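One structure below.
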Amino acid sequence: MNLPLTYSDWHQYSLTHPEAFWAEQARNIPWFTPPTQILSTDENGLTRWFADGQLNTCYAALDYHVENGRADQVALIHDSPVTNTIRQFTYRELRDEVARLAGVLQKLGVTKGDTVVIYMPMIPETAFAMLACARLGAIHSVVFGGFAPHELALRIDDARPKVVLSASCGIEFTTIIPYKPLLNDALRQASFQPEHCLILQRPQCAAELQIGRDHDWQLLVSRAQPADCVPVNATDPLYILYTSGTTGKPKGIVRDNGGHAVAIKYSMQAVYNLQPGQVMFTASDFGWAVGHSYSVYGPLLQGCTSVILEGKPVRTPDAGTFWRVVQTYGVNVLFTAPTAFRAIKKEDPEAVLSRNYDLSSLQSVFVAGERCDPPTLQWLQAIVHVPVIDHWWQTESGWPMVADPLGIEELPVKPGSATKPVCGYDLQILDEDGYQLGPNEMGLVCLKLPLPPGCLPSLWQDDVRFRASYLSRFPGYYLSGDGGYVDEDGYVFIMGRVDDVINVAGHRLSTGEMEEIVSSHPAVAECAVVGIACPLRGQRPVGFIVLKDGFQIQETTLETELVTLIRDQIGAVACFRNALTVKRLPKTRSGKILRKIIRYIADGEAYTTPATIDDPLILNEIKDALLRRRIGQPFEID
Ligand code: COA
Ligand code: AMP
């Protein structure tokens, strides 16, 4: 058979012959037992990939390369302007670090199938921890270090970890953030208690250890015997990553071992066009899906070098940090969120600092996490002179769903579009009733089942919520939660969430959860939290509050209290800074709050007053409140 060569042929082939397509990709993974069953349905009626295959993801990411000529190649570089240090590890060194840490975990009783929570900053030990769990067949769950104790407690209660791994502190610009008090607080709030906590003492801050429960990381590692890789089934979970849904309870996205390894490795070649030995710099926190897939697993499965940055794109020390990293390590592919470039653009609009560095190693720049606004895309193109690719994905997919497949064929970039569906993804735009829409018609972005390997098989111990959240609205389709359209050339434009999820500086947050927290304040009768446009962070939440009858409180006092409440419960990353009191909220006659209209008003977008609105005059009150506090367009300017 003549194999197809263009993107369009490959994409078509991947949809018409999914088993043949993915069986071929699976050959690139060093299985212990290669799969013969490619696509199947499990006893719960859910799609599974490579069900009878056996592997170990840590083996494929590390040991395999050590045994096959890459032992002395640098695998991981930690560049930390906030501590003024650079550390690097060859594949052999990384394998040895990971094997010793796995030995420690084994001694603490961690075995295949156990869960382990990792609450750590951007340091190499976080990657060691993830890989050590994978080595033992344990399931890691990394919790973003910027989350407050309450969020950590929710995740501990859901994941029920045998061990929690943490560090004494993280560093935000020049501020040292002690993690141990946050962990202690989370454990006080959680109903479930792990047997052990393993704490890495960093020189910037010492953590107090609780005798019996807490252990010193370095001490135990210095005494540990390395542990071997434990074979697992392809369908066994590799990790759980919690993400925001529409309520206060985060969703535990499950990633399996086999499908993940195959899909991520495929993406390294087909999307990012990275060859073994090349260098990838993904500027994202380990706590997000991007950090899992392209700071750790992707580059390592592909035999690349991964650069991680402990610092921000700006002010650590300046807006030239990314360009310095590119030059220093000869970065071939740079991947981050558009907000990071907007932050650089704000401080260095003419990109003067980029001229101090040689960026010639770069072959492409990828952005995701939110739609890349065309001005930022064009600004970046003029600096790097290589393709700048906006691509779309979610924690749920774990790898790109829509992208420019540079490893197959470079498609022309259309600003504002994430380009075309990646092989394996059958993307369709449906209307509210489930009918397929035509070119340029805006609707709900859905994926026809089955989802390709790597995508979530379910939610952690919650098939019911999985089906309800993603599969039940349109039978036979996965509902992404995003709205958008496909143009006449097949380019996909993702225009934003259609549910209560917002993206703030590339961080996915739930306005539904914020509303639950705001409503817990004794003054609040009802509220709506809406994501309004923000020139730096893409979106930011603003609360609209109706006070309980007779409750006396100044708007600014209430705002301060609500801001503190959200910071304490979710974390500073929520960027909840404004709460406006209004007499009423706009609602439909059936009582549904019209959040979309509030957002349109704040963003200065045209809207039609819905025929179902209870009282159109309320919209003027919303406008007045925004004007009074100088919030929203035209005040939110760069
Ligand atoms: N630990 C503790 N606090 C954290 C934190 C962490 N890991 N990450 C962020 N925060 C805090 C910040 O210190 C800030 O606190 P403040 O309100 O007291 O100042 C708050 O959360 C908001 O953080 P952020 O929105 O990130 O603002 P910032 O000014 O610190 O940085 C950017 C802005 C754009 C530079 C930064 O958000 C960025 O680099 N974003 C890239 C996003 C990304 O990697 N997304 C992953 C998907 S690709
Ligand atoms: P997360 O799960 O944190 O990766 O967030 C996923 C959400 O981010 C998606 O549902 C989109 O709303 C948004 N998103 C990610 N990438 C893009 C993109 N390239 N364009 C538009 N929105 C994006």
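The values are calculated or read from the model by the stated rules, or taken from the named source; none is laboratory data. This is a predicted model, so every value here is computed, not measured. Don't worry about glycine lacking a Cβ; one is built from the backbone with ideal geometry, like all the others, and counts go over all protein chains shown. Quick note on the areas: whole protein, heavy atoms, side chains included, nothing else; ligands and nucleic acids left out. Shrake-Rupley method; radii C 1.70, N 1.55, O 1.52, S 1.80 Å.
Within region 197-226, residues that are open to solvent by less than 30 Å² (accessible area, probe 1.4 Å) sit with their Cβ atoms under 6 Å from residues that are of a type in the set (K, R), at 6+ positions apart or across chains, in these pairs: C197/R213; A207/K180; V221/R100; A224/R100. Condition first: surrounded by fewer than 24 Cβ atoms within 10 Å (Cβ to Cβ), on the phi < 0 side of the Ramachandran plot, within 16 Å of ligand 2 (Cβ to nearest atom) and not in a loop (DSSP other than H, G, I, E, B). Now tell me which residues in region 495-534 satisfy that. Across region 495-534, the qualifying residues are M495, R497, V501, N503, V504, R508, G512, I532, A533, C534.
Residue check, L334 against (1) within 16 Å of ligand 2 (Cβ to nearest atom); (2) not in a strand (DSSP E or B), all met but one. Which one? Of everything listed in (1) within 16 Å of ligand 2 (Cβ to nearest atom); (2) not in a strand (DSSP E or B), L334 misses just condition (2).
Residues of region 119-134 that are within 13 Å of ligand 1 (Cβ to nearest atom) and either touching a Cys at 6+ places or on another chain (Cβ under 6 Å) or part of a strand (DSSP E or B) (or both): Y119 alone.
Here's the yes/no breakdown for (1) exposed (fewer than 13 other Cβ atoms within 10 Å of the Cβ); (2) in contact with a Cys (Cβ under 7 Å, 6 or more places away or on another chain); (3) polar (S, T, N, Q):
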{"position": "T6", "(1), (2), (3)": "yes, no, yes"}
{"position": "N28", "(1), (2), (3)": "no, no, yes"}
{"position": "F32", "(1), (2), (3)": "no, no, no"}
{"position": "Q37", "(1), (2), (3)": "no, no, yes"}
{"position": "S40", "(1), (2), (3)": "no, no, yes"}
{"position": "G45", "(1), (2), (3)": "yes, no, no"}
{"position": "G53", "(1), (2), (3)": "no, no, no"}
{"position": "C58", "(1), (2), (3)": "no, yes, no"}
{"position": "D63", "(1), (2), (3)": "no, yes, no"}
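Would you call V388 within 21 Å of V492 (Cα to Cα), within 16 Å of ligand 1 (Cβ to nearest atom) and aliphatic (A, V, I, L, M)? Here the answer is yes, as V388 does meet what is asked. Keeping to region 393-415, report how many residues are crowded, with 21+ Cβ neighbours inside 10 Å, within 12 Å of ligand 2 (Cβ to nearest atom) and outside any strand (DSSP E or B). The number of residues fulfilling the criteria is 9. Scoring V296 on the criteria (1) in contact (Cβ under 8 Å) with a residue 60 or more places away in the chain; (2) closer than 30 Å to S166 by Cβ; (3) open to solvent by 10 Å² or more (accessible area, probe 1.4 Å) leaves a single failure, condition (3). Summed over region 253-290, residues that are away from ligand 1 (no atom under 16 Å from the Cβ) and closer than 22 Å to Y425 by Cα total 17.
L479 meets each of the listed conditions (1) in the same structural domain as I139 (by TED's automatic domain parsing); (2) closer than 28 Å to Y266 by Cβ; (3) open to solvent by 40 Å² or more (accessible area, probe 1.4 Å) apart from (3). In the set N68, N28, N2, only one residue is out of contact with any Ser or Thr (no Cβ under 6 Å at 6 or more places or on another chain) and at pLDDT below 95; that residue is N2. Filtering G490, G483 for residues that are within 10 Å of ligand 2 (Cβ to nearest atom) and not in a helix (DSSP H, G or I) leaves a single hit, G483. Restricting attention to region 350-378, the residues that are in contact (Cβ under 8 Å) with a residue 24 or more places away in the chain and farther than 22 Å from A403 by Cα total 7.
So for region 365-374 (the condition being surrounded by fewer than 24 Cβ atoms within 10 Å (Cβ to Cβ), more than 15 Å from ligand 1 (Cβ to nearest atom) and in a loop (DSSP other than H, G, I, E, B)), does at least one residue qualify? No, there is no match, as no residue in region 365-374 is surrounded by fewer than 24 Cβ atoms within 10 Å (Cβ to Cβ), more than 15 Å from ligand 1 (Cβ to nearest atom) and in a loop (DSSP other than H, G, I, E, B).
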